[in-house]
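Peer 1: Quick one: the structure is below, and I'll ask about it shortly.
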């Protein structure tokens, strides 16, 4: 009988130890789960703060058609913010460009933040473009984008590509096949803006009349609106 009693005591001790171990494992698992959850909560909170910060850093931009009474100011804006070694902005050409806007031949879009002009884009009617684009516009239903200029303090924030997107939307609603634009071959800022807006290079040629620095080449790009 002593061995039966000993077996019973052994089983009882084993049961007690098993329950102690089980309770410890449950308690440890609960602590571990709480620890993991706290880490997840901290990660989520960090991401939320980052998201809020990014949202707050995005400027509230309004894109609208230029008003007739502000064209003189916008002409000054184009010269002050657009003139650099890469852009061809002769005084007579700029005056002629804004005369076309006043006459309703060309269209000018304004990007504004808190009523301050931060960017402009000028584009022509379908099929109307300088002669150097005849091979692209003359045989296609294309809109030529003449100018996209962004204030220096707002560069790299997607203002230019936003303006181009508005032009694309308006042109597509009118049944236009695509947009065409040009830049100095080495104008990297414009290259990034145009690439972001979906433009692809179709030609690059020596342009001694309009380009006076660097490679003196003009790159022509287009964006299809039919796909």
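The values are calculated or read from the model by the stated rules, or taken from the named source; none is laboratory data. Since we're looking at a predicted model, the values are computed, not measured. In this analysis, Cβ positions are derived from the backbone assuming ideal geometry, glycine residues included, and neighbour counts consider all displayed protein chains.
Peer 1: The conditions are (1) farther than 23 Å from residue 79 by Cα; (2) in contact (Cβ under 8 Å) with a residue 24 or more places away in the chain; (3) out of contact with any strand residue (DSSP E or B) (no Cβ under 7 Å at 6 or more places or on another chain), and residue 134 fails exactly one of them. Which is it?
Peer 2: (2)
Peer 1: Kindly list the number of the only condition in (1) at pLDDT 95 or above; (2) assigned to a helix (DSSP H, G or I) that fails for residue 54.
Peer 2: Here residue 54 meets the rest and fails (1).
Peer 1: Quick check on region 209-222. Is at least one of its residues within 19 Å of residue 109 (Cα to Cα) and touching a helix residue (DSSP H, G or I) at 6+ places or on another chain (Cβ under 6 Å)?
Peer 2: The first filter runs over region 209-222 and keeps only residues within 19 Å of residue 109 (Cα to Cα), leaving none.
No, because not a single residue in region 209-222 is within 19 Å of residue 109 (Cα to Cα) and touching a helix residue (DSSP H, G or I) at 6+ places or on another chain (Cβ under 6 Å).
Peer 1: Can you spot a residue in region 92-101 that is assigned to a helix (DSSP H, G or I), modelled with pLDDT of 85 or more, within 22 Å of the chain's Cα centre (by Cα) and surrounded by 11 or more Cβ atoms within 10 Å (Cβ to Cβ)? Outline the logic, then answer.
Peer 2: As a first pass, look at region 92-101 and keep what is assigned to a helix (DSSP H, G or I): 92-101.
Next, only the ones that are modelled with pLDDT of 85 or more stay: 92-101.
Narrowing the set further to residues that are within 22 Å of the chain's Cα centre (by Cα) leaves none.
The answer is no, given that none of the residues of region 92-101 is assigned to a helix (DSSP H, G or I), modelled with pLDDT of 85 or more, within 22 Å of the chain's Cα centre (by Cα) and surrounded by 11 or more Cβ atoms within 10 Å (Cβ to Cβ).
Peer 1: A further question on this structure: How many residues, within region 80-91, are outside any loop (DSSP other than H, G, I, E, B) and surrounded by 12 or more Cβ atoms within 10 Å (Cβ to Cβ)?
Peer 2: So the first thing to find is which residues in region 80-91 are outside any loop (DSSP other than H, G, I, E, B), and the list is 80-82, 91.
When the remaining residues are screened for being surrounded by 12 or more Cβ atoms within 10 Å (Cβ to Cβ), the result is 81-82.
The total comes to 2.
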